[in-house]
1. Label points 7 Å out from Cα along the Cβ direction at B:Asp201 and A:Glu71: separation in nm?
2. Mind checking the full-extension length gain between A:Gln147 and A:Met129? Use 0.36 nm per residue of separation minus the Cα-Cα distance, one decimal, nm.
3. By how many degrees, between 0 and 90 and to the nearest 10, does the Cα long axis of helix B:291-300 differ from the longest principal axis of chain B?
4. To the nearest whole number, what is the average tally of beta carbon atoms from other chains within 10 Å of the beta carbons of peptide A:98-106?
5. Using each residue's phi in the range B:182-187, evaluate 6.51 cos²θ - 1.76 cosθ + 1.60 at θ = phi - 60° and report the 3J(HN,Hα) Karplus result to the nearest Hz, with x for Gly and Pro.
6. Please list, or write none, the aspartates and glutamates whose alpha carbon is within less than 12 Å of the alpha carbon of A:Lys140, excluding same-chain residues fewer than 8 places away.
7. Given only helices, namely DSSP H runs of n ≥ 4 each adding -39500 (n - 2.57), what is the per-residue ellipticity at 222 nm of chain A, to the nearest 500 deg cm²/dmol?
8. Per residue of B:286-296, how many C-beta atoms from partner chains lie within 10 Å of its own C-beta, taken as a mean?
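Read the figures in this text as sums done on the coordinates, not as results from a lab. It should be emphasised that the depicted structure is a prediction, and the values quoted were computed from it without experimental measurement. Backbone-built Cβ (ideal geometry, glycine too); neighbour counts: all protein chains shown.
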Amino acid sequence: MENVAIKVENLVKHFGQGDSLVRVIEGADFQVNKGELVALVAPSGAGKTTLLMMIGCVEEPTGGAIWLGEEKVYDNKWLTKEQRKIRREKIGFIFQAHYLIPFLNVIENVTLIPQTNGVLEKEAKKIAMELLEYFAIADKAKAMSSQLSGGQNQRVAIARALANKPQIILADEPTAALDSKRSVDVVKMLKKIATEQDVAVIMVTHDEAMLPLCDRILTIEEKKVVSKEVSEETAIL
Amino acid sequence: MINLAQKDVKHTLGKFLVTAMGVGMLLGIVLIMMGVYRGMMVDAEVLLDDIKADLWVVQEDTLGPFAEASRIHEDLKDTIRVIDGIKSAEALTFQNIQLPQKPKPVRVVAVGYDPFGTVNPINPERLVAGHGLTKDHYQIVVSDKTGFKVGDTIHLVRNDYHVVGVTHGSVSSGADPLVYVSLKDAQELQFSYTNNRIRSDRARGFKNSEATMVNTIVARVKPGYDVDAVAQDIRRFKHKSVYTAAQQKTILTKNLVERASKQIGMFTAILIVVSTIIIALIIYTMTLEKMKEITIMKLVGIPNSMIIKMIAQETLLLGFLAFIFGNIFSHLIYSKFPKRVVLLIPDAWTLFIVVIIASILASLVGIRKVIKADPASAIGG
């Protein structure tokens with residue numbers, strides 16, 4: 001359990017009820033270890049984002065259990081009322097688009113969550129600058145997101161996701177808006193973060209070219225989550 | 001800690017300032033409306049304050065001379081003068097006349113008084129040129145609003161009147177400019193008829209006995225005498241209506257100005273409600289524009305309190321800036337209004353409190369939107 005970052009047991013998610021009941025996930029069981037980059041692959045509408053949102057304590061499951069690290073956060077009901085605090089302290093989110101706050105500059109975007117967590121401004125800025133240097137955009141610290149390219153913005157978004165030193169990164173198609181070269185760069189970056197910082201990363205992707213860079217693949221088949229190794233065939237791709 | 005409101009306002013400073021200016025102009029109009037009301041109250045009391053009479057004797061059972069027509073005999077002043085406690089008493093007339101002026105005649109209220117009497121209705125502080133009346137006939141003191149100057153000649157009915165003085169700020173309770181003529185001239189202006197009318201009256205056996213009528217006798221009471229007691233004596237023995245200065249002021253402000261002031265009060269209240277709705281709509285729109293960012297902030301764990309603080313601070317800042325712009329706007333334009341507009345600091349502070357309360361109420365609209373925003377909507381669309 002020590003090495004497990006995410007554990008899901010018999011997770012169920014239904015929408016609606018009666019005739020309009022939609023069964024999205026039916027008894028998902030899986031776990032993601034620290035330092036692992038896992039791709040979540042499934043056809044559109046299969047429930048990838050819903051699964052991500054349940055793990056991220058945003059969407060309430062219908063049943064089952066979820067552990068984030070050692071902490072059990074859901075057992076047929078939320079075990080804490082402070083899901084937002086859990087998100088803020090344990091999880092980093094990366095989206096399709098960068099979704100940076102447009103009225104904050106780069107460093108303010110990155111320091112917002114640490115400062116909300118009570119980290120002093122000076123310390124938060126130090127962490128942010130280290131991250132921006134890591135992603136080679138320290139010179140853009142005072143720039144607004146509108147002044148950056150798509151790739152630069154996405155790097156800032158990743159820096160923001162890491163600023164709270166999360167145990168888990170949930171990335172929802174982080175390469176969807178990028179060209180193939182930048183996409184590979186971003187996924188390699190996520191892999192590096194997972195390995196170096198011992199963070200579990202779940203990345204939703206439709207891009208098969210990204211799969212060889214991942215440690216494992218989770219797919220949703222017949223409303224259940226199935227874990228697959230990256231095959232040699234896929235790796236060659 | 002990052003102040004989100006400060007950052008957001010800085011990011012859209014131009015738009016924010018223009019919005020505040022727009023709301024400020026609306027608030028400026030609210031201030032002007034309040035100033036118009038104050039101006040009416042001041043105008044209503046100008047003549048009373050200038051005459052400085054303790055008692056107003058008018059036709060019995062009337063609220064004269066301002067709220068109702070009042071006709072009494074001029075010689076009543078002699079009878080009143082001998083009443084115990086009376087220091088002085090003089091007759092006054094008030095009538096609306098039109099002064100021939102280009103491009104169009106000027107409507108004024110003419111005050112007739114005895115230039116050699118003890119009551120001078122011309123406040124020396126308002127006299128900006130020339131002097132008061134020094135003769136019994138054919139002199140006139142005008143308000144600067146009439147456009148006449150000292151030395152001008154004004155033809156009225158049968159005679160020419162020489163302008164000997166100009167006043168500033170002297171207006172009737174209805175905000176018409178005041179002119180001053182001698183009591184004899186005023187009576188002649190009021191009761192002089194054409195030759196045909198005089199012949200016609202004589203043929204009917206009518207006599208022009210009105211030429212000695214006046215509208216009121218004003219009296220001052222000797223020190224040490226109770227004004228109400230003296231007034232009661234006049235009522236009892238002379239069968240006239242008598243009002244103290246305070247009662248006359250009440251008649252003017254309550255009977256004459258009250259309805260108009262209520263009208264203005266209604267307009268002011270409606271404008272404040274409209275301003276609140278507009279601020280609320282602006283805040284709602286500003287919140288909607290930031291909805292994506294707000295859901296992202298909620299998703300990544302920013303607490304509601306921080307986002308609500310941002311909305312509330314922006315709303316209060318908008319209200320505060322609008323209040324500043326409103327004051328600047330109202331002070332820039334108030335002198336352009338034809339009637340007196342009096343802008344008082346206490347009124348501005350009252351409006352400030354109202355604006356802050358309105359802003360807090362308006363921010364609730366945006367805050368409700370923030371609380372209801374679903375963080376899950378940030379992802380997948």
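1. A separation of 10.2 nm, rounded to one decimal place.
2. Answer, rounded to one decimal: 4.7 nm.
3. 50
4. Mean number of neighbouring Cβ atoms from other chains: 6.
5. Rounded to whole hertz, the list is 5, 4, 5, 5, 4, 5.
6. By straight Cα distance, A:Lys140 reaches A:Glu108.
7. -10000 deg cm²/dmol
8. The shielding value for this peptide is 2.
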